[in-house]
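A.B. asks: Structure in structure tokens, see below.
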Amino acid sequence: MLQPNHTGRSSMIKFDNPDVIITDVMARHGKWRTNKTAVVCGEKRLNWGEFNHRINRVANGLVSMGLKKGDKVSMLMTNSIEMLEIMFGTVRAGGVIVPLSAMVTGESLVRMINDSDSIFLFADKKLLNTIESYREQLTGIAADYRFSVGVDADGWGGFERFMSDSPDDDYVVELTYEDPFNIMYTSGTTGLPKGILHTHHNRFHFAAMFAIDFRIDSGAVNIVTTSLYANGTWLTFLPTMFVGGTLIIMPQYDTAEFLRLVRREKGTHTFMVPTQFKMLLEHPDFDRYDLNSMKIWLSAGSPFLKQDKEEVLNRLPGELVELWGLTEGVATTLKPEDMEAKTASIGIPPVGWDVGIIDDEGNRLSPGEIGEIIGSSSFLMPEYYKLPDKTREAMWRDERGRTYLKTGDMGKLDEDGFLYILDRKKDMIISGGINIFASDIEEILAGHPDVKDCVVIGVPHEKWGETPLALVIPYEGAAAVEDDVRDWLNTRVAKYQRVAGVVFRIDFPRNALGKVLKKEMRAEYATIK
């Protein structure tokens, strides 16, 4: 019984209220869900107890080599269980994980690794050669702090030897919500790369909020179809780990294998980009597989074409959720219950998050008015790593002084607060002083029977400044030629939306999540008049 002090009040004895760190949550899964399957990749399976011990080995090994709280660890790896072990082992040790894109060239990787101040590097057998000839340019990484995964290589330490030399007992470091969790690079092919820093607070709320929005609980069996280094993949993978579900990792996406995995593992959740949905529905064996275990299909990365979205809703079991968002920490989701009434929108923010629309002077706009989208969330990055000017440029403050991110996307809100995306601000075509949104033209062009995929970009024009150009991937065996498609389209759009031409292509340049890189195509067609 507490004794009263001289004021008559009980003495101040309180329980601790520590910040909840994701890797601490995962350690609890290792304790309470020991024998439940945590991760599967190919023929390899680990339960939560085994997975937790492997994470501990990574943490203990890094600390024994000198890793200190806040030190950075870069990963150049393809999808595997080892990638997750290194990722969460680093975080458990107090380090900061830096996932690197497999689509980036060696020189750009060097810029990212050096910019992040990484002192460790893990590279797997598929990507080792990408960085091997540049390793002497990695200024912050000592020779014995480089590790190869899945292969023995001269000048690199072996990952399995690293693991066998490390104990698997729990490693505990005092971490708070303000400590950094990761740095993610969204570019770097030219010039100075831009690193997005997230804290433990950011990632905790990211996992919790999206677990709510995507209906992910401990019974979830999430099939990972996209690259683990991409933040879009984290939308379902991190909430699944957070709640103690099961992760089925595809080393690389293959539609036939995805169908087999859903049937074999009784998959419940997945994240795919629209291109993958299209591949799935067009697969000749689609109707042979029972997909009724699936509860949630998440789409993000790029918007659905209208007819593709309707086909997904009609043919797939379970429910579709769409997400629009930026790695920096802004997002909205269109949930199943709103899909019919708000089909053209990309939803509303998760619980407690916010979006708005501003004009070029930074004034908030009313529903229906078009402007730049701003957003705020508990996942919002504190900064671009070591780039205070870039951070300042991207920041907008409301009347209470709260910070929002200026997204660079153009959109509008309807009277119910649902968000509609129109275009990237930099992708908007300005022809003769008129703003043209490529998405409006693309939606109509996609209705042509010979058009499999399409993109509209702005190209230079001597009189109008810019004019729209349509780039089309036709179906195999298409009867129409380029001029036929142009004439068909131009009779169906407004006069100011008419395209200068149509160019047939085999493919479009895309990022890791399949999003079309319009910037690259604008550069490619910059001389067209």
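A.B. asks: Do you know which of the residues in segment 30-45 that are within 25 Å of the chain's Cα centre (by Cα) and buried (at least 19 other Cβ atoms within 10 Å of the Cβ) is nearest to Met250 (Cα to Cα)?
C.D. replies: Cys41
Matching residues to (1) closer than 30 Å to Tyr384 by Cβ; (2) more than 24 Å from the chain's Cα centre (by Cα); (3) polar (S, T, N, Q); (4) surrounded by fewer than 20 Cβ atoms within 10 Å (Cβ to Cβ):
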residue	(1), (2), (3), (4)
Ile113	yes, no, no, no
Lys126	yes, no, no, yes
Arg135	yes, yes, no, yes
Gly140	yes, yes, no, yes
Ser148	no, yes, yes, no
Arg161	no, yes, no, yes
Leu175	yes, yes, no, no
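A.B. asks: Which condition number does Ile223 fail, the rest of (1) touching a Phe, Trp or Tyr at 6+ places or on another chain (Cβ under 6 Å); (2) part of a strand (DSSP E or B) being met?
C.D. replies: The failed condition is (1).
A.B. asks: I've got another one for you. Condition (residue is in contact with an Asp or Glu (Cβ under 6 Å, 6 or more places away or on another chain) and either of a type in the set (Val, Ile, Thr) or at pLDDT below 95 (or both)) applied to segment 250-261: is it met by at least one residue?
C.D. replies: Our first condition is that a residue be in contact with an Asp or Glu (Cβ under 6 Å, 6 or more places away or on another chain); within segment 250-261, this holds for none.
No.
A.B. asks: So, of the residues in segment 244-257 that are in a helix (DSSP H, G or I) and touching a His at 6+ places or on another chain (Cβ under 9 Å), which turns out to be surrounded by the most Cβ atoms within 10 Å (Cβ to Cβ)?
C.D. replies: Thr255
A.B. asks: Which numbered condition in (1) under 21 Å from Glu178 (Cβ atoms); (2) of a type in the set (S, T, N, Q); (3) modelled with pLDDT of 95 or more is the only one that Asn17 fails?
C.D. replies: Evaluating Asn17 over (1) under 21 Å from Glu178 (Cβ atoms); (2) of a type in the set (S, T, N, Q); (3) modelled with pLDDT of 95 or more leaves (3) as the failure.
A.B. asks: Within segment 394-412, take every residue that is without any contact (Cβ under 8 Å) to a residue 12 or more places away in the chain and exposed (fewer than 13 other Cβ atoms within 10 Å of the Cβ) and give me the one that is nearest to Asp360 (Cα to Cα).
C.D. replies: Checking each candidate, the answer is Arg397.
A.B. asks: While we're here: Of Asn56, Asn47, Asn129, which residue is closer than 30 Å to Val262 by Cβ and of a type in the set (S, T, N, Q)? So that I can check it myself, show each step before the final result.
C.D. replies: Values: Asn56 fails: closer than 30 Å to Val262 by Cβ; Asn129 fails: closer than 30 Å to Val262 by Cβ.
Result: Asn47 is the single residue among Asn56, Asn47, Asn129 that is closer than 30 Å to Val262 by Cβ and of a type in the set (S, T, N, Q).
A.B. asks: When Asp423 is evaluated against the numbered criteria (1) at pLDDT 90 or above; (2) acidic (Asp, Glu); (3) touching a Phe, Trp or Tyr at 6+ places or on another chain (Cβ under 6 Å), which criterion, by number, is the only one it fails?
C.D. replies: Just one mismatch for Asp423, condition (1).
A.B. asks: Considering only segment 63-106, state which residues are outside any loop (DSSP other than H, G, I, E, B), touching a strand residue (DSSP E or B) at 6+ places or on another chain (Cβ under 7 Å) and over 22 Å from Pro239 (Cβ atoms). Give the derivation first.
C.D. replies: The first filter runs over segment 63-106 and keeps only residues outside any loop (DSSP other than H, G, I, E, B), leaving 63-64, 72-76, 81-92, 96-99, 106.
Right, trim to touching a strand residue (DSSP E or B) at 6+ places or on another chain (Cβ under 7 Å) and you get 72-76, 81-84, 86-87, 90-91, 96-99.
Listed by number, the residues that qualify are Lys72, Val73, Ser74, Leu76.
A.B. asks: Tell me, please, whether a residue that is part of a strand (DSSP E or B), out of contact with any Asp or Glu (no Cβ under 6 Å at 6 or more places or on another chain), modelled with pLDDT of 95 or more and among the aromatic types (Phe, Trp, Tyr) can be found in segment 374-385. Give the steps one after another, and end with the answer.
C.D. replies: As a first pass, look at segment 374-385 and keep what is part of a strand (DSSP E or B): 374-376, 383-384.
Then keep just the ones that are out of contact with any Asp or Glu (no Cβ under 6 Å at 6 or more places or on another chain); that gives 374-375, 383-384.
Adding the requirement that they be modelled with pLDDT of 95 or more leaves 374-375, 383-384.
Imposing the further condition that a residue be among the aromatic types (Phe, Trp, Tyr) reduces the set to 384.
Checked against the condition, which is being part of a strand (DSSP E or B), out of contact with any Asp or Glu (no Cβ under 6 Å at 6 or more places or on another chain), modelled with pLDDT of 95 or more and among the aromatic types (Phe, Trp, Tyr), segment 374-385 yields at least one hit.
The values are calculated or read from the model by the stated rules, or taken from the named source; none is laboratory data. Here the structure is a predicted model, which means the values were calculated and not measured. Note that each Cβ is placed from the backbone with ideal geometry, even for glycine, and that neighbours are counted across all protein chains shown.
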